[in-house]
Amino acid sequence: QLQLVESGGGLVQPGGSLRLSCAASGFTLDYYAIGWFRQAPGKEREGVSCFSRRGGSLTYADSVKGRFTISRDNAKNTVYLQMNSLKPEDTAVYYCAGRPYFCSGEVTDFGSWGQGTQVTVSS
């Protein structure tokens, strides 16, 4: 079973940057689509970004386009989310999730989830 462990969250000033990491075990990420989701207090979990090399997909939510970048380090079996120009509305718990091959923005389409890492954007 694919297992995911997230890290890299923290407190950052508006306009600052963070890089989140999602380390995978159990399977190589080569055959998986990895999505990043976030959930702010009182709100539903929403899709942020998704990457699948085999599925030929690279997607971003409109709210993060031009600011966030998803990438993968095959040697480390790790997916990253580089977050730049952070805004207070980016504050949320961020999760990575996996499913075979094809990207999706729907929470229910993903069967493997990390534990979540808190990102707080505040002055």
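The values are calculated or read from the model by the stated rules, or taken from the named source; none is laboratory data. Note that the coordinates shown come from a computational prediction; the quantities given were computed from them, not determined experimentally. Don't worry about glycine lacking a Cβ; one is built from the backbone with ideal geometry, like all the others, and counts go over all protein chains shown. For the accessible areas, the whole protein counts, side chains as well, though only heavy atoms, and no ligand, DNA or RNA atoms are used. Shrake-Rupley method; radii C 1.70, N 1.55, O 1.52, S 1.80 Å.
Would you check which residues across the range 19-28 are on the phi < 0 side of the Ramachandran plot and either surrounded by 13 or more Cβ atoms within 10 Å (Cβ to Cβ) or in a loop (DSSP other than H, G, I, E, B) (or both) and list them? Full working, then the answer.
Going through the range 19-28, the residues on the phi < 0 side of the Ramachandran plot turn out to be 19-25, 27-28.
Within the range 19-28, ARG19, LEU20, SER21, CYS22, ALA23, ALA24, PHE27, THR28 meet the criteria.
Being among the hydroxyl-bearing types (Ser, Thr, Tyr), in a strand (DSSP E or B) and farther than 23 Å from SER17 by Cβ, is that true of even one residue in the range 78-100?
no
Any residue that is in contact with a Lys or Arg (Cβ under 6 Å, 6 or more places away or on another chain) and open to solvent by less than 50 Å² (accessible area, probe 1.4 Å) - is there at least one of those in the range 62-76?
No: zero hits.
Of all residues in the range 112-123, how many are open to solvent by 50 Å² or more (accessible area, probe 1.4 Å) and either at pLDDT 95 or above or basic (Lys, Arg) (or both)?
4
Name the residue, out of GLY47, GLY55, GLY35, GLY105, that is open to solvent by less than 10 Å² (accessible area, probe 1.4 Å), in contact (Cβ under 8 Å) with a residue 40 or more places away in the chain and at negative phi.
GLY35
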